[in-house]
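Worksheet for the structure shown next.
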Amino acid sequence: MLTTRRPTPTTVLYTVSTSSGSKTLTAKAFRTISILLRILAAVFVTTILLREYQLAFPDHDVSSYLVHQHTWSSFPLLLDSFRIMRPYRLLLCMAMIWMISRKGYTEESLLVIRGLGVQTTTSSNSYLWGGGGNTRFIPSSSIQDIWIHEAFKGFEVKFYLCIVIEGEEGVVVVFPTILPRREVLEQVWRGARACLYEPKA
């Protein structure tokens, strides 16, 4: 799905996402159920961790760890509880935290600003940490051209949008993870070139 935003006449933001973006009742219900399941899973993991902490250190009140002024003093005890914790429960908690933090979709964008340059962004695949995210800004003075090219991926031909940069042997591929359809790439290519370069008088 392609989304186009134009904050100013000289700025355009193209965003491609694997999320459906559907606004039907079924899609909204699915997203709501997904959020509720994530919340329940987070509560479940938190309950297990607090229970293990309480079993490992029965003389310490669990609430003392949650109070701000005791957070740093109780932190070593929390680490000890992880070492004492049953391995299978620790693995279960880590797996659930990983599943809860996953976005479930990929989002990539191209920001074009006339007179400045372009910025390519691949969003992180996690809500909690930035692993997998990537951002690069390319000034206008370094951009030689913007192309749509084709390449083999397995047994199929894929089209991709790329930026040729002065002084670099390779090219910067836009939307490298999603690799949208050719029709989408052509729309972004025309709009990016029209915004990046001054119109001829």
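Just so it is clear, none of the values below were taken in a lab; they were calculated from the coordinates. Note that the structure is a prediction, hence the values are computed from the model and not measured. Cβ atoms come from the backbone with ideal geometry, glycine included; neighbour counts cover every protein chain shown.
For this structure, a couple of remarks:
- Take the Cβ atoms of residue 124 and residue 198, set R0 to 45 Å, and the FRET efficiency comes out at 0.85.
- Compared with the direct C-alpha span, the chain from residue 26 to residue 140 gains 36.6 nm at full extension, assuming 0.36 nm per residue.
- Checking every one of the GluC sites (Glu not before Pro) in the range 90-197 against DSSP loop status and a limit of 12 other Cβ atoms within 10 Å picks out 166, 168, 169.
- If you bin all the Cα-Cα distances of the range 97-201 at 10 Å, starting from zero, the percentages per bin are 13, 40, 31, 13, 2, 0.
- Simple label model, 7 Å out from Cα along Cβ direction - residue 95 to residue 46, nm: 2.3 nm
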